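Enquirer: Attaching a single structure in structure tokens format; questions to follow.
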Amino acid sequence: MSGELDWVALSGRRAKGKRPAFFDEPALDRLYSTVFALAAEVSALRERQDTIERLLDAKGTLRREDIEAYAPDRRAGEERGLATRAYIARIMRGFQQEVEAMEAHDPPIMDIVEKLTRE
Amino acid sequence: MANDLPPPYTAMSRHPMMPRVSHDEAARFNFLTHFNRYLSGTVGAGNRLAYEKRVLPAFRAEHGRDPEHRYEIRDAMNEDSWHRMWSALKRNSMEMRQHNGRQVVLRQLDELDAMARQFNEHSGMLALDPAIEQPDYQTCVDIHCQPGGYHGGEREGDVTVGANYDVGLFATTGGALGGLNDGGGQAVVGWIKAERPDWKPRRILDIGCTIGHNAVPIAQAFPDAEVIAIDTAAASLRYGAARAAALGVTNIRFVQASGEDLSRWTDGHFDWVQTTMFLHELSAKAMPRILAEANRVLAPGGLILHIEQPQYSDEMPLFEQFMRDWDAFNNNEPFWSAMHGQDLKEVMAKAGFPQDSQFVAGVRAVVDPAIFPPSPDAGEEDYGRAAIWNAYGAWKPLAKAQAA
């Protein structure tokens, strides 16, 4: 650990250069930064749990340093990569389905309700 | 299906200068690696749909014509809810990559600084010059949203920015640059070995080398050559020189110098002048000065080669130009848009490289296929992140130099 530096505080330093505002409501910009940092943390937790399970499977016991030193082999790496991809697909479902919706161009549901009422 | 999964962070090649990552730090990079691929792939497609289905029809209705410039598309797309969301995600992904990388580096900075000092004292491959000023185009914003840019530091003589750059590039590029993040340099080597298999350059200059991840593969491929890698940023060079020494490379020197003033080298000193993803980090005045200096120090018959993204041209659809411009406005790459809008061949010609000595070649990142499966971007564009580049080059004419 670096003795002189408050590495936690310093690591969050902002980059020089005005940050673009992506939304009219600044709170929404802040919310995105929190939600996706949390999403990353959940992903890291899931990976840690997978590591623990794999170590227990292999050895039946666990040491903290084994977790830190764990590096998946190619097969485990692919299994974990696939799990991460599936996890991202779950948290990003709303975005992905909006892309599909843009392609589909469905009419508003009230149009269909009214149409079926008439038919 | 699994073969287009990015490899885990732990599959990266290790070298002694590389900061050590804890289990969870590697896992955070794994998330970002996947997330970046997802953003450019699955949901990135929404940008074009939003444009074609909503933004373009609205623009036509309002103006009675199609957009005539990528900036018109940008203004219109910045009002679109989808593009705003996608941009917010992409920007946050970059900020998270910087934050994660800086946590890794700063918590072990004492050890990293000490190791870099040791490597650099023993290797003699680092030559810093405190008289070199940081040009405005490197300091006006922190490039790539990296706090401290390429040049800043947390304390005197540290390696924070270089180490952070190295530790997180894997996630930024979705693992597309290979285990040592050196796919760009490997691509250059692959290209030249195929183009001129018998060529043996003796002296090679790499301008804007940062941490030398693209210059080192060139030094390794030409062990009899002397490679000089220059940058204005001491903070990057300190790490880069130590990294090269840690990799066992001995024929490269990291020299703090500006490409705008190469006066310490005589006319025709180098056989090869290389820049890799560097020209877009300059300013409109600096770029021609650097190219003119490069021309002066290049020997007749020598090679100048710039690896860049493709230039914008009339043939490139405006929407693609707009998407490629994203980093200029959202990832602190302020010269990106203007640089890619220039006729680089014309700029090169003004710097002394006749049009008929110039060429444009396509190069792809070369990475170890045993660890890194083929990039999913094959054939598809990622608007600035895919490991596919254009090489803008020239072989300096012999006859003209003799007549001069």
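The values are calculated or read from the model by the stated rules, or taken from the named source; none is laboratory data. All values derive from a computational prediction rather than experimental measurement. Note that each Cβ is placed from the backbone with ideal geometry, even for glycine, and that neighbours are counted across all protein chains shown. Note: accessible area is taken over every heavy atom of the protein model, side chains too, but ligands, DNA and RNA are not part of it. Shrake-Rupley method; radii C 1.70, N 1.55, O 1.52, S 1.80 Å.
Enquirer: Using just the helices of chain B, give the 222 nm mean residue ellipticity in deg cm²/dmol: DSSP H runs with n ≥ 4 each add -39,500 (n - 2.57), and the total is spread over all residues, rounded to 500.
Expert: -12500 deg cm²/dmol
Enquirer: Related question: Can you tell me the accessible area per residue over chain B, all protein chains present, probe 1.4 angstrom, in square angstrom?
Expert: Per residue, chain B has an accessible area of 36 Å².
Enquirer: Sort B:335-345, B:293-303 by the packing proxy (mean of other Cβ within 10 Å over each peptide's residues), most packed first.
Expert: Ranked by mean Cβ neighbours within 10 Å, highest first: B:293-303, B:335-345.
Enquirer: Moving on. Report, in debye and to the nearest 20, how large the dipole of segment B:1-145 comes out about its Cα centre when Lys and Arg carry +1 and Asp and Glu carry -1 on their Cβ. Working shown, then result.
Expert: Working: 18 positive and 20 negative charges, 138 e Å.
Charge dipole of segment B:1-145: 660 debye, to the nearest 20.
Enquirer: From the Cα gyration tensor of the protein assembly as shown, with a ≥ b ≥ c the square roots of its eigenvalues, which class applies: rounded if a/c is under 1.5, or else prolate if a/b is larger than b/c, or else oblate?
Expert: oblate
Enquirer: For chain B, how big is the tail of P(r) above 43 Å, as a whole percent of Cα pairs?
Expert: Cα-Cα pairs in chain B separated by more than 43 Å: 10 percent.
Enquirer: What is the spin-label model distance, in nm, from B:Arg155 to B:Tyr71 if the labels are put 7 Å beyond Cα along the C-beta direction?
Expert: 4.5
Enquirer: Between B:Glu52 and B:Ser13, how high is the FRET efficiency from 1/(1 + (r/R0)^6) when r is the Cβ-Cβ distance and R₀ = 56 Å? Nearest 0.05. Mind dumping the intermediate values first?
Expert: Working: r = 42 Å, r/R0 = 0.75.
The formula returns an efficiency of 0.85 here.
Enquirer: Quick one: accessible surface of B:Asp198, probe radius 1.4 Å, all protein chains present, in square angstrom to the nearest 10.
Expert: Looks like 130 Å² after rounding.
Enquirer: Calculate the spin-label point distance for B:Asn78 paired with B:Glu133, positioning each point 7 Å from the Cα along the beta-carbon direction, and give it in nanometres.
Expert: 3.1
Enquirer: Based on alpha-carbon centroids, what's the gap between segment B:215-248 and segment B:44-89 in Å, whole number please?
Expert: Answer, in whole Å: 43.
Enquirer: Now for a different question. Is segment A:1-67 rounded, prolate or oblate when judged by the Cα gyration tensor, a ≥ b ≥ c being the square roots of its eigenvalues, rounded requiring a/c under 1.5 and prolate requiring a/b larger than b/c?
Expert: Here segment A:1-67 falls in the oblate category.
Enquirer: Now for a different question. Would you grab the residues whose amide H sits under 5 Å from the one on B:Val255? Only those 5+ places off in sequence or on another chain, please, with H modelled 1.01 Å from N.
Expert: Residues meeting the criterion, in which the H sits 1.01 Å from N, are B:Ala127, B:Ala229, B:Ile230, B:Asp231.
Enquirer: Here is a follow-up. Pick from B:Val104, B:Val55, B:Val189 the residue whose mean-square fluctuation is largest in a GNM of chain B, springs joining Cα atoms under 10 Å.
Expert: In this elastic network of chain B, the residue with the biggest mean-square fluctuation among B:Val104, B:Val55, B:Val189 is B:Val55.
Enquirer: Would you list the membrane-span-like helices of chain A, meaning whole DSSP H runs whose alpha-carbon atoms span at least 27 Å along their axis and whose mean Kyte-Doolittle value is at least -1.0?
Expert: Helix filter hits for chain A: A:26-59.
Enquirer: Take A:Arg54 and A:Ala27, extend 7 Å from each Cα along the Cα→Cβ direction, and tell me the distance between the two endpoints in nm.
Expert: Once both label points are built, they end up 4.2 nm from each other.
Enquirer: Treating cross-link reach as a plain straight distance, find the lysines whose alpha-carbon is under 25 Å from the alpha-carbon of B:Lys90, omitting any fewer than eight places away in the same chain.
Expert: Within the straight-line cut-off, B:Lys90 pairs with A:Lys16, A:Lys18, B:Lys53.
Enquirer: Within the accessible area of segment B:264-312, what % is carbon and sulfur when the probe is 1.4 Å and the other protein chains stay in place?
Expert: Carbon-and-sulfur percentage of accessible area, whole number: 58.
Enquirer: Also: What is the sum of charges, Lys and Arg at +1 and Asp and Glu at -1, for the other residues whose Cβ falls under 13 Å from the Cβ of A:Ser11?
Expert: Residues near A:Ser11 contribute +2 overall.
Enquirer: Amide H of B:Gly301 versus every other amide H placed in the peptide plane: which residues, excluding those fewer than 5 positions away on the same chain, fall under 5 Å?
Expert: B:Lys396, B:Leu398
Enquirer: Here's another thing I want to ask about it. Does any residue of segment A:27-44 lose at least 10 Å² of accessible area with all protein chains in place compared with its chain alone, and if so which ones (probe 1.4 Å)?
Expert: Listed in order, they are A:Tyr32, A:Ser33, A:Phe36, A:Ala37, A:Ala40, A:Glu41, A:Ser43, A:Ala44.
Enquirer: Work from the charge dipole of segment B:180-323 (Cβ charges, +1 for Lys and Arg, -1 for Asp and Glu, about the Cα centre) and give the residue of B:Pro300, B:Ile228, B:Gln186 farthest towards its positive end.
Expert: Of the options given, the answer is B:Ile228.
Enquirer: Over segment B:49-158, what is the relative contact order in whole percent, taking alpha-carbon pairs under 8 Å and six or more residues apart?
Expert: Relative contact order here is 20 percent.
Enquirer: Mind ranking B:Asp224, B:Asp4 by accessible surface for me, highest first, 1.4 Å probe? Show your work: numbers first, answer last.
Expert: On the way: B:Asp224 150, B:Asp4 50 Å².
Largest to smallest exposure gives the sequence B:Asp224, B:Asp4.
Enquirer: Now, a different point. What does the buried accessible surface come to for B and A, summed over both chains, with the probe at 1.4 Å? Round to 100 Å².
Expert: Using a 1.4 Å probe, the pair buries roughly 5200 Å².
Enquirer: Sticking with this one: Given springs between every Cα pair under 10 Å in a Gaussian network model of chain B, which of B:Ala349, B:Ala284, B:Ala194 has the largest fluctuation?
Expert: Of B:Ala349, B:Ala284, B:Ala194, the most mobile in the Gaussian network model is B:Ala194.
Enquirer: Right, here's the next one. According to the square roots a ≥ b ≥ c of the eigenvalues of the Cα gyration tensor, what is the shape class of chain A, taking rounded for a/c under 1.5, prolate for a/b larger than b/c otherwise, and oblate for the remainder?
Expert: Since a/c reaches 1.5 but b/c is at least a/b, the shape of chain A is classed as oblate.
Enquirer: Over segment B:121-197, with every protein chain in place, what whole percent of the accessible area is carbon and sulfur at 1.4 Å, could you tell me?
Expert: 49
Enquirer: Given the C-alpha centroids of segment B:151-197 and segment A:60-84, what is the distance between them in whole angstrom?
Expert: Centre-to-centre (Cα) distance: 26 Å.
Enquirer: Under the rule of at least 5 residues apart or a separate chain, name every residue whose amide H is placed under 5 Å from the amide H of B:Gly148.
Expert: Excluding prolines and chain starts, which carry no amide H, the hits are A:Lys16.
Enquirer: Let me ask another. Report, as an integer, the average count of C-beta atoms from other chains found within 10 Å of each Cβ along B:25-37.
Expert: Partner Cβ neighbours, averaged per residue: 6.
Enquirer: If ligands, DNA and RNA are left out, what is the accessible area of A:Trp7 with a 1.4 Å probe, given in Å² to the nearest 10?
Expert: Counting only protein heavy atoms, the figure is 50 Å².
Enquirer: So for each of A:27-37, B:65-75, B:253-263 I average, over its residues, the number of other beta carbons within 10 Å; can you give me the resulting order with the highest mean first?
Expert: Listed from highest to lowest mean packing, they are B:253-263, B:65-75, A:27-37.
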